[in-house]
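J.: Below you'll find the structure I mean.
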Amino acid sequence: MQLLVWEDRFSVGIKEFDQQHKILFEMINTLIIARDNKSGQSVVVNALEQLVQYTIFHFTSEEAMMEHFGFDGLEEHQKEHADLLKRVQKYQEKLAAGETVSFDELLNFLASWLLDHTLGIDQKYGPFLSHHTD
């Protein structure tokens with residue numbers, strides 16, 4: 001897997017959230033680099049934990065703004081956020097239990113989810129929130 005590269009097509013039109021998405025790209029890239037460098041499991045576990053914590057912060061920020069301005073797609077968004085966190089927590093639990101986790105599988109999941117989410121459901125709130133925050 002190649003490093004993720006931010007492109008304008010990922011922009012949701014909200015500067016704060018675009019910046020947070022860029023940080024998520026960088027955090028996944030850190031995991032890709034760790035894999036390429038054959039870093040130990042502790043490096044992976046720590047990088048994944050940082051990614052999870054930042055993702056929670058990002059999700060909370062998005063959801064708070066959607067709720068504040070009455071975005072109709074909030075429930076759908078919250079469900080997708082919760083589903084991601086559950087899936088990532090399963091990976092974390094496996095790692096904590098010493099189980100084998102395919103690094104490529106984890107990276108493919110995280111990268112695909114971020115790209116699909118940013119290009120998909122996140123694009124729905126962009127115009128709505130841009131209209132309210134200009």
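J.: For region 86-109, state whether one or more residues are in contact (Cβ under 8 Å) with a residue 60 or more places away in the chain, buried (at least 16 other Cβ atoms within 10 Å of the Cβ) and over 16 Å from the mean Cα position of the chain (by Cα). Steps first, please.
T.: Looking only at region 86-109, we keep the residues that are in contact (Cβ under 8 Å) with a residue 60 or more places away in the chain, and these are 103-104, 106-108.
Remaining after also requiring buried (at least 16 other Cβ atoms within 10 Å of the Cβ): 103, 106-107.
Checking which are over 16 Å from the mean Cα position of the chain (by Cα) leaves us with 103.
Yes.
J.: A further question on this structure: Does region 55-64 contain any residue that is charged (D, E, K, R), at pLDDT below 95, surrounded by 14 or more Cβ atoms within 10 Å (Cβ to Cβ) and in a helix (DSSP H, G or I)?
T.: To start, the set of residues in region 55-64 that are charged (D, E, K, R) comprises 62-63.
The next check asks that each one be at pLDDT below 95; those that pass are none.
Within region 55-64, not a single residue is charged (D, E, K, R), at pLDDT below 95, surrounded by 14 or more Cβ atoms within 10 Å (Cβ to Cβ) and in a helix (DSSP H, G or I).
J.: Hey, another quick one. So, E80, is that one at pLDDT below 95, charged (D, E, K, R), more than 18 Å from V5 (Cα to Cα) and crowded, with 16+ Cβ neighbours inside 10 Å or not?
T.: Numbers: at pLDDT below 95: yes; charged (D, E, K, R): yes; more than 18 Å from V5 (Cα to Cα): yes; crowded, with 16+ Cβ neighbours inside 10 Å: yes.
When the stated conditions are applied, E80 passes them.
J.: Just a yes or no: is a residue in region 35-44 within 17 Å of the chain's Cα centre (by Cα) and at pLDDT below 90? Before the answer, list the steps.
T.: Kept after step one, since they are within 17 Å of the chain's Cα centre (by Cα), are these residues of region 35-44: 44.
Right, trim to at pLDDT below 90 and you get 44.
Within region 35-44 (the criterion being within 17 Å of the chain's Cα centre (by Cα) and at pLDDT below 90), the answer is yes, since at least one residue qualifies.
J.: Can you spot a residue in region 120-131 that is among the polar types (S, T, N, Q), without any contact (Cβ under 8 Å) to a residue 12 or more places away in the chain and exposed (fewer than 15 other Cβ atoms within 10 Å of the Cβ)? Walk me through how you get there before you give the answer.
T.: Here is the first cut: in region 120-131, the ones among the polar types (S, T, N, Q) are 123, 130.
Going one step further and asking which of them are without any contact (Cβ under 8 Å) to a residue 12 or more places away in the chain, we end up with none.
So far as region 120-131 goes, no, none of its residues is among the polar types (S, T, N, Q), without any contact (Cβ under 8 Å) to a residue 12 or more places away in the chain and exposed (fewer than 15 other Cβ atoms within 10 Å of the Cβ).
J.: Also, quick follow-up: For residues that are β-branched (V, I, T), surrounded by 14 or more Cβ atoms within 10 Å (Cβ to Cβ) and outside any helix (DSSP H, G or I), tally how many sit in region 1-49.
T.: 2
J.: Out of region 21-46, which residues are farther than 27 Å from D122 by Cα, of a type in the set (K, R) and without any contact (Cβ under 8 Å) to a residue 60 or more places away in the chain?
T.: Answer for region 21-46, where residues must be farther than 27 Å from D122 by Cα, of a type in the set (K, R) and without any contact (Cβ under 8 Å) to a residue 60 or more places away in the chain: just K38.
J.: Here's another thing I want to ask about it. Quick one: how many residues across region 80-128 are assigned to a loop (DSSP other than H, G, I, E, B) and at negative phi?
T.: Filtering region 80-128 for residues assigned to a loop (DSSP other than H, G, I, E, B) gives 97-102, 120.
With the extra rule that they be at negative phi, the set shrinks to 97, 99-102, 120.
Qualifying residue count, region 80-128: 6.
The values are calculated or read from the model by the stated rules, or taken from the named source; none is laboratory data. This structure is a prediction, so every number in the text was calculated from the model and none was measured. Cβ sites come from the backbone with ideal geometry, for glycine too, and all protein chains shown count toward neighbours.
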